[in-house]
Amino acid sequence: MADAKACFEYDTYHEGENKILKIFCESCNFPPSIEYSDICMAKLIDTLSQVTGVNIIILSQQREYEYDYDQTSLLTELALLYKRVSQEERFMYSQIVVDPLHERYIRGSYAQFQRLISKRLKEDPLAAYVELKRLETREKIKVNSLIDARHLASQKKFIAVLENAVALIENLKIIKLLMPHTKEYKVGERGIYNNIFHPTTKPDFMFTKLVTEFPVGNLEDSYNFKVDNDDCEVNIFSFDEDVKTLYHLTPPEFLFTEDEYQLLDDAKRIMSEHKPSREEFVDPQRMREVFLNIGKDLITDLAQHRDLKLKEETLLQLAQTLLRHTVGFGLIELLLSDSKVQDVNINSPNGELPIFIVHQDYGDCYTNIYPTLLEVESWATKLRLISGRPLDEANPILDTELKVTGFTSRVSALTAPLSPTGLAFSFRRHRDFPWTFPLYLQPKVRFIDAIGAGLISFLLDNNAAILVAGTRSSGKTSLLGSFLTEIMRRARILTIEDTFELPTESMRKLGYNIEPLKVASALSAPGSEVDPSIGIRSTLRLGDSAIFVGEVRSKEAIALFEAMRVGAAANVVAGTIHADSPYGVFDRVVNDIGVPKTSFKAIDIIVVANPVISGLKKYKRVLRITEVRKEWDDDPLREHGFVDLMVYNPVTDQLEITDDLRNGNSEE
């Protein structure tokens, strides 16, 4: 156990391509901080003088403070120089004093020089550099007062040694990086090291690392949101010389006392001995309730054993934190609990890159959160258990959904060989409340206008077969979900998805007669799940129902068009597809997927939604509502098989009526 180790005892291990030096500071009486503690820095330089090839440094004392490759390289360079000046003969006293009579004259200055290079250099290299420069200046002044040639020779040799030592230190990267910040620097002030050392931080019970310090930038926004009655603070930063935007999260995990951290660390160690089974993950919500109660009892027992009194609200807060970092998804859950976060992305290689998000107000952002390899591997294991789907070399893609109190999310996970450098994840957060046409009409949204919404509502009332087309993140599935509220409540609705994204639970709570069906992912290998095409065909045997297909990807399109043809006079059939225009839908469906041209005519309406870029901002808009005519043979584009009813005008930012619709030139 770490707490039984002596002060500054260390261990080295490899994680991927990195050699990590982990130093245990639990028994130390100084802070585990290179930037704030001269003792800590000196001991670290001594350690690095003995250990070679280190890429990452971790100081452990209740929390882990990790210094990345760039920061570690500054320290290893300093350690190499310290070792050099400590051992080279030219810096030794016997090599400097050539005249014994000069010994008393130089003894005091040389003692100061030795103190600076043997002690001060490893404690505070900037202070050592400044004091050596001052010593060099003083010794050069003394030259003018020396008459004896032998004294003068010794003095000049000493000055040459000083100049050499100053030059070596001056060339250190750490000194070069600190120099721009020395305007008001006073020797011995350690605050200046904060400009180059920014360790990521995590308590022992967590895997994920955080950069807790605020960056030097422009604070664009600051707000709080609640998770399980705990406050999470968010600060958004922009930078004058960088187009990137930082989403800086301060979670409740970092506001506990040291005693509470120790309780969590001990509790996690005990709970980690229990490995949840597949059966427990069948009902994740129930499992979380059970583990929350187990966590509360465990923390209560540990607190009593330590004679600690915990308030009920503190006990609950600790138990919820323990739950997040054992059977839960850690800080991912906090990110997805922020209603302004739309997507959370984790790229490989794991542990080297921050988590990236898409924010509703600030678009693409990077965060101060760095997931470790252990963390992402635990996510992959939990997603396998929750979904019942494989994620391995034979099945490198996993699509599923994650439901936690406060949010639901679609999850896509990739592994080798598709993602050769490690695991990658994409969490797409679903809205707390489903989109409806009135919500789309809000001035801040303006996804569609009132006439366009009215036209689609009219088409749905008349049992049209509709495909919603668009690129990735264009709002296709959300728009399809808004169609659900336009169906009469007395009608039965069937939804077919490989990963649940349509707001079926919300619709059921509103009194709709809705039945969600789940089929196998088109991107995964065959397994026990029902093939999408079979799932779609099965709906035709379930009576008169409106049919909504989450996404058309592959051969299931043939079954969908069969459903459209059968259901044309009975009820609505709708789905989404990746395409950027009506002809793009035709090309994808007919040429790529292989649906016959005659079957393609079963589509009545194609609605195209895509992002519109204005300056640095991106807006989602319905760009086109197009009718598919039936009187064409080979090419609907050339034979006027596509008739635009409404088209987006980028100048007015409006979806405008075409002459064909205005003049009643429509078959619908």
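So the label point goes 7 Å from the Cα of Glu77 along Cα→C-beta, right? Which residues of the stretch 180-197 then have their backbone N under 14 Å from it? Only 180, 196-197 pass the distance filter.
With pairing defined as another cysteine C-beta under 4.7 Å, the cysteines of the chain that fail it are Cys40, Cys232, Cys365. For Asp240 and Thr436, the difference between the fully extended length at 0.36 nm per residue and the C-alpha to C-alpha distance is 66.7 nm. Summary value for the stretch 239-362: 21 percent relative contact order, contacts being C-alpha pairs under 8 angstrom separated by 6+ residues.
What is the sum of charges, Lys and Arg at +1 and Asp and Glu at -1, for the other residues whose Cβ falls under 10 Å from the Cβ of Leu323? Let's see the in-between values first.
On the way: positive: Arg288, Lys296, Arg324; negative: Asp228, Glu289, Glu333.
In short, 0.
Could you pull out the trypsin sites (Lys or Arg not before Pro) across the stretch 472-556 that fall in loop regions by DSSP (anything but H, G, I, E, B) with no more than 10 other Cβ atoms inside 10 Å? Before the final figure, lay out the partial values.
Numbers: sites: Arg472, Lys476, Arg489, Arg490, Arg492, Arg508, Lys509, Lys518, Arg537, Arg541, Arg553, Lys555; in loops: Arg472, Arg489, Arg490, Arg541, Arg553, Lys555.
Filter output for the stretch 472-556: Arg472, Arg490, Arg541.
Normalised by 2.2 N^0.38 Å, where N is the number of residues, the C-alpha radius of gyration of the stretch 550-668 stands at 1.11.
Each pair of Cα atoms in the stretch 170-326 enters the Kirkwood radius, and Stokes-Einstein at 37 °C and 0.692 mPa s then converts it into a translational diffusion coefficient of 173 µm²/s. Based on protein heavy atoms only, the chain ends up with 47 Å² per residue of surface accessible to a 1.4 Å probe. Here the stretch 43-78 and the stretch 344-404 have alpha carbon centers that stand 28 Å from each other. Of the GluC sites (Glu not before Pro) found in the stretch 562-641, those in coil by DSSP whose Cβ has at most 11 other Cβ atoms within 10 Å are Glu631. Here, the chain yields an orientationally averaged convex hull projection of 38.0 nm² when only Cα atoms define the hull.
The accessible surface of the chain, taken with every protein chain in place and a 1.4 Å probe, is 51 percent carbon and sulfur. Taking a straight Cα-Cα cut-off under 20 Å and skipping sequence neighbours fewer than 8 places away in the same chain, the lysines within cross-link reach of Lys597 are Lys555, Lys630.
If you filter the stretch 151-245 for GluC sites (Glu not before Pro), then keep DSSP loop positions with at most 16 other Cβ within 10 Å, what is left?
Numbers: sites: Glu163, Glu170, Glu184, Glu189, Glu213, Glu220, Glu233, Glu241; in loops: Glu184, Glu189, Glu213, Glu241.
Qualifying residues, ordered by number: Glu184, Glu189, Glu213, Glu241.
For the chain, what does the relative contact order come out to in percent, with C-alpha contacts under 8 Å and a separation of six or more? Could the numbers behind the result be given before it?
Details: 1147 pairs, mean separation 48.2, N = 668.
Contact order relative to length: 7 percent.
Here's the list of lysines a cross-link from Lys311 could span, going by alpha-carbon distance under 17 Å and ignoring same-chain residues fewer than 8 apart: Lys296. In plain terms, the C-alpha convex hull of the stretch 118-253 casts an average shadow of 12.7 nm² when viewed from every direction.
Could you calculate the FRET efficiency of Gln654 with Glu313 from 1/(1 + (r/R0)^6), where r is the beta carbon distance between them and R0 is 45 Å, rounded to 0.05?
Working: r = 51 Å, r/R0 = 1.13.
Here the calculated transfer efficiency is 0.30.
Taking each residue as 0.36 nm, the span from Lys183 to Gln360 lengthens on full extension beyond its C-alpha to C-alpha distance by 59.7 nm. To check you understand DSSP bridge types, tell me what percent of the beta bridges within the chain (both residues inside) are antiparallel, rounded to 5. If we restrict to bridges inside the chain, about 70 percent are antiparallel. Among the helices of the chain, those built from whole DSSP H runs whose Cα atoms reach 24 Å or more along their own axis and whose mean Kyte-Doolittle hydropathy is at least -0.5 are 69-87, 149-170, 284-305.
Can you compute the helix-only [θ] at 222 nm over the chain? Use -39500 (n - 2.57) per DSSP H run of at least 4 residues, normalise by all residues, nearest 500 deg cm²/dmol.
Working: 22 runs with 234 residues, N = 668.
Per the formula, -10500 deg cm²/dmol.
Report, to two decimal places, the Cα Rg of the stretch 401-531 normalised by 2.2 N^0.38 Å (N = number of residues). List each step's numbers first, then the result.
Values: Rg = 16.8 Å, N = 131, 2.2 N^0.38 = 14.0 Å.
Ratio of Cα Rg to 2.2 N^0.38 Å: 1.20.
Values of log10 I(q)/I(0) for the stretch 600-668 across q = 0.29 Å⁻¹ run -1.26, by the Debye formula with one identical scatterer at each alpha carbon and no solvent. In this structure, the residue pairs whose Cα-Cα separation is over 18 Å, taken from Lys226/Lys382; Lys5/Lys309; Lys509/Lys620; Lys22/Lys43; Lys444/Lys618; Lys133/Lys156, are Lys226/Lys382; Lys5/Lys309; Lys509/Lys620. Thr245 exposes around 20 Å² of accessible area when a 1.4 Å probe is run over every protein chain in place.
Mean separation of Cα pairs under 8 Å and 6 or more residues apart, divided by the residue count, gives the stretch 203-260 a relative contact order of 27 percent. Short to long, the 5 Å bins of the Cα pair-distance histogram for the stretch 572-626 hold 4, 17, 25, 23, 13, 8, 6, 3, 1 percent of all pairs. Tell me the label-point distance for the pair Asn513, Thr381, using the 7 Å Cα-to-Cβ offset, in nm and rounded to one decimal. Taking the two extended label points, one gets 4.6 nm.
Based on Cβ point charges of +1 for Lys and Arg and -1 for Asp and Glu, what charge dipole magnitude is obtained for the stretch 188-307 about its Cα centre, in debye rounded to the nearest 20?
Values: 13 positive and 26 negative charges, 85 e Å.
So the dipole magnitude of the stretch 188-307 works out to roughly 400 debye.
How long is the gain from Lys156 to Leu540 if the chain were fully straight, where each residue apart is worth 0.36 nm and the alpha carbon distance is subtracted? Write out the running numbers ahead of the final one.
Details: separation 384, 0.36 × 384 = 138.24 nm, distance 9.90 nm.
Between Lys156 and Leu540, full extension yields 128.3 nm more.
Within the assembled protein chains, the solvent-accessible surface assigned to Val166 is about 10 Å², based on a 1.4 Å probe. For the stretch 296-387, the Kirkwood hydrodynamic radius comes to 15.3 Å, computed from all pairs of different C-alpha atoms.
The values are calculated or read from the model by the stated rules, or taken from the named source; none is laboratory data. As the structure is a prediction and not an experimental result, all values here were calculated from the model. Don't worry about glycine lacking a Cβ; one is built from the backbone with ideal geometry, like all the others, and counts go over all protein chains shown. Quick note on the areas: whole protein, heavy atoms, side chains included, nothing else; ligands and nucleic acids left out. Shrake-Rupley method; radii C 1.70, N 1.55, O 1.52, S 1.80 Å.
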